[in-house]
Amino acid sequence: MSTQKVAIVTGSARGIGAAVARRLASDGLAVAVLDLNADSCADTVKSITDAGGKAIAVGADVSDADSVAAAVDTVVTELGAPTVLINNAGIIRDNMLFKMSVDDWDAVMAVHLRGAFNMSKACQKHMVDAGWGRIVNLSSTSALGNRGQANYSAAKAGMQGFTKTLAIELGKFGITANAIAPGFIATEMTAATAARMGVEFEDFKKASAAAIPVARVGEPEDIAHTASFFASEGAGFVSGQVIYVAGGPRG
Ligand code: NAP
């Protein structure tokens, strides 16, 4: 087995996850591009292999423990033991509290929180065996509260507590756990929010940029850069932290 480190990036068929997968591959890691449907990972995998990197597509539902166990086994067999995990898969089911259904609540909790739990639990044993590991969880500025996102903001605040606990429990095995809390990042997720509000995406981005100190919305590569730092060898003394990557100090 080669000494190339192996990363799993969940929800990396597109958006932030795809950018993180490409960045980790260019940093020299072999990357498992994991999403609900393996076929949807083809573009991300191709962009990595075209650039000379190593990647495989893995289909799994992070909210399902059996699906996660099978996916991690596949990664171990095809690439080697995963020691970098980016818990990025996510969904939104926005609504005002009085209209939010129990299904909207449960679906968001299942993907973000149970998903990160399932993936971290399945991967940590490989990190403990290696005496080295990096876990990066995607939180959000919504953790601080956001109208129409009672479910999502609770899940994203939960990701921060989860991260800090993993940092405390796993530190002695050489494993760090950190969170990234993005602000507005231009992806299909924010495009869907614009559509739900009946606003053109370009107008939505322009209005959002006007309220952001650096006067632009974020791009997936902004998050990939931060994930690359957390995953790096030199970040071994940084653990249990949340970095707001939001073009300003919110957080
Ligand atoms: P996105 O474009 O919607 O991508 C999310 C990916 O996750 C999709 O490919 C989706 O697959 C996948 N996914 C959903 N449920 C899954 C499951 N159960 N198992 C495996 N994969 C699943 O979202 P994004 O904007 O890149 O966001 C990525 C992460 O950053 C999320 O955790 C999000 O909450 C967070 N974030 C985003 C922003 C932003 O402004 N965009 C801000 C703060 C935080 P399908 O397409 O098959 O559903």
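The values are calculated or read from the model by the stated rules, or taken from the named source; none is laboratory data. None of these values were measured; they are calculated from a predicted model. All Cβ positions, even for glycine, are placed from backbone atoms using ideal geometry, and neighbour counts span all protein chains on display. Heavy atoms of the whole protein, side chains included, go into the accessibility calculation; ligands, DNA and RNA do not. Shrake-Rupley method; radii C 1.70, N 1.55, O 1.52, S 1.80 Å.
Which whole-number percent is the relative contact order of the chain (Cα, under 8 Å, 6+ apart)?
19
Would you please put 133-142, 208-217, 95-104, 111-120 in order of how densely packed they are, using the mean number of other Cβ atoms within 10 angstrom per residue and starting with the highest?
Peptide ranking by packing, descending: 133-142, 111-120, 208-217, 95-104.
Using a 1.4 Å probe and ignoring any ligands, DNA or RNA, find the accessible area of HIS126 and quote it in Å² to the nearest 10.
Number for this one is 30 Å².
For a quick check of understanding: with a 1.4 angstrom probe and all protein chains in place, what accessible area in square angstrom does GLU219 have, to the nearest ten?
Its accessible surface works out to 80 Å², give or take rounding.
In Å², what does the accessible area per residue of segment 200-251 work out to with a 1.4 Å probe?
Per-residue value: 58 Å².
Taking H as built 1.01 Å from N, whose amide H comes closer than 5 Å to the amide H of LEU34, not counting residues under 5 places away?
VAL9, GLY11, SER12, VAL58
Return the whole-Å distance between the Cα centroid of segment 124-160 and the Cα centroid of segment 1-70.
19
Please report the equivalent ellipsoid semi-axes of segment 1-72, computed as sqrt(5 x eigenvalue) of the Cα gyration tensor, largest first, in whole Å.
One finds semi-axes of 19, 14, 9 Å for segment 1-72.
Would you please calculate the Kirkwood hydrodynamic radius of the chain over all C-alpha pairs and express it in Å, rounded to one decimal?
Mean inverse Cα-Cα distance, inverted, gives 18.1 Å.
With each run of n ≥ 4 DSSP H residues scored as -39500 (n - 2.57), what mean residue ellipticity at 222 nm is computed for the chain after dividing by its residue count and rounding to the nearest 500 deg cm²/dmol?
When only DSSP H runs of four or more count, the value is -14000 deg cm²/dmol.
How large a share of the accessible area of the chain, in percent, is made up of carbon and sulfur atoms when the probe is 1.4 Å and the other protein chains stay in place?
Within the chain, the accessible surface is 55 percent carbon and sulfur.
Which net charge results for the neighbourhood of CYS123, defined as the other residues with beta-carbon distances under 14 angstrom from its beta-carbon, given Lys and Arg at +1 and Asp and Glu at -1?
Once positives and negatives cancel, what remains is +1.
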